[in-house]
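Note sheet for the following structure.
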Amino acid sequence: MSDYSDSYLGNSTSEKISSSGCYVTTFANVFYSSEYYGVPLSNSTKFNTPEKINNDKSLFAEDSACLNGRKESMNALFGEGNWDYWTKDVQGADGLESKLREYAKSDKAYMIVGIFDLSDDTACADNHMVGISELPDINGYFTKGLTATSNGDLNRYINIRDESAYNINNLKEIRVIFLE
């Protein structure tokens, strides 16, 4: 995100990618990684950088840095039926962890992104998206397997107290993007 300090996010004239662009960064990572692993998604070349996603203004709400809602933005990026999601509000923390474990045992090709509430660590980070490639440890902490989208993520991993912000109880939602 910090690489885009001069770019406004989406259709906003005040929010910058560098402070609020974790979604575009995470989704670009998914597209780039799918190419890297030899299973490119249909929009991989169109959306494989944060800048390319950000430049498609139709993905964002009018006069806003917010995407056009979960369903609309995910369908536009990944295609209808090529993704699914689960939320803490509906499934609970145990349900999210169960879903992560189910996919870890699966033979399907997929990528998972998660939205964490980091507001206890950073006041304005109640919806922060990162890639998830590992299960939480026995205590519910994601001590590895997260794809950082910001310098804040990297700094949290340096500071033990802040590292605990990435735990199953702070995980608000997971989105699974199917690669097959």
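Across the protein chains, with a 1.4 Å probe defining accessible surface, the residues Val130, Val39, Val90 rank Val90, Val39, Val130 from largest area downward.
The mean sequence separation of alpha-carbon pairs under 8 Å and at least six residues apart, normalised by the residue count of the chain, gives a relative contact order of 24 percent.
In a reduced charge model with +1 at each Lys and Arg Cβ and -1 at each Asp and Glu Cβ, segment 1-117 shows a dipole moment near 260 debye about its Cα centre.
Screening the chain for DSSP H helices whose Cα atoms reach 30 Å or more along their own axis and whose mean Kyte hydropathy is at least 0.5 gives nothing. The sum of -39500 (n - 2.57) across all DSSP H runs of n ≥ 4, divided by the residue count of the chain, sets its helix-only mean residue ellipticity at 222 nm to -10500 deg cm²/dmol. The number of Lys pairs in segment 53-180 with C-alpha atoms less than 29 Å apart, excluding pairs fewer than 8 positions apart on the same chain, is 21.
With all protein chains in place and a 1.4 Å probe, the accessible surface of segment 5-48 carries 46 percent carbon and sulfur. Rolling a 1.4 Å probe across the protein heavy atoms gives the chain an accessible surface of 52 Å² per residue.
The slack between Glu134 and Tyr8, meaning 0.36 nm per residue of separation minus the straight C-alpha distance, is 42.2 nm. Between Gly92, Gly79, Leu171, the Cα set farthest toward the positive side of the dipole of the chain (charges on each charged residue's Cβ, about the Cα centre) is that of Gly79. For segment 1-96, the set of chymotrypsin sites (Phe, Trp or Tyr not before Pro) satisfying both a DSSP loop assignment and a count of at most 16 other C-beta atoms within 10 Å is given as Tyr37. Gaussian network model of the chain, Cα springs within a sub-10 Å range: biggest mean-square fluctuation belongs to which of Leu59, Leu146, Leu154? So, out of Leu59, Leu146, Leu154, the one fluctuating most is Leu154.
Here is the list for segment 79-180: trypsin sites (Lys or Arg not before Pro) lying in DSSP coil, each with at most 16 other C-beta atoms within 10 angstrom of its C-beta, are Lys108, Lys144.
Projecting the Cα atoms of Asn48, Tyr103, Val130 onto the charge dipole of the chain (Cβ charges, centred on the Cα centre) puts Tyr103 farthest toward the positive pole. Here r is the Cβ-Cβ distance between Asp107 and Ala61 and R0 is 41 Å; the resulting FRET efficiency, rounded to 0.05, is 0.65.
The values are calculated or read from the model by the stated rules, or taken from the named source; none is laboratory data. The structure displayed is predicted, hence computed values, not measured ones. We place every Cβ from the backbone using ideal geometry, glycine too, and count neighbours over all the protein chains shown. Heads up: the accessible areas ignore ligands, DNA and RNA and are worked out on the full protein's heavy atoms, side chains in. Shrake-Rupley method; radii C 1.70, N 1.55, O 1.52, S 1.80 Å.
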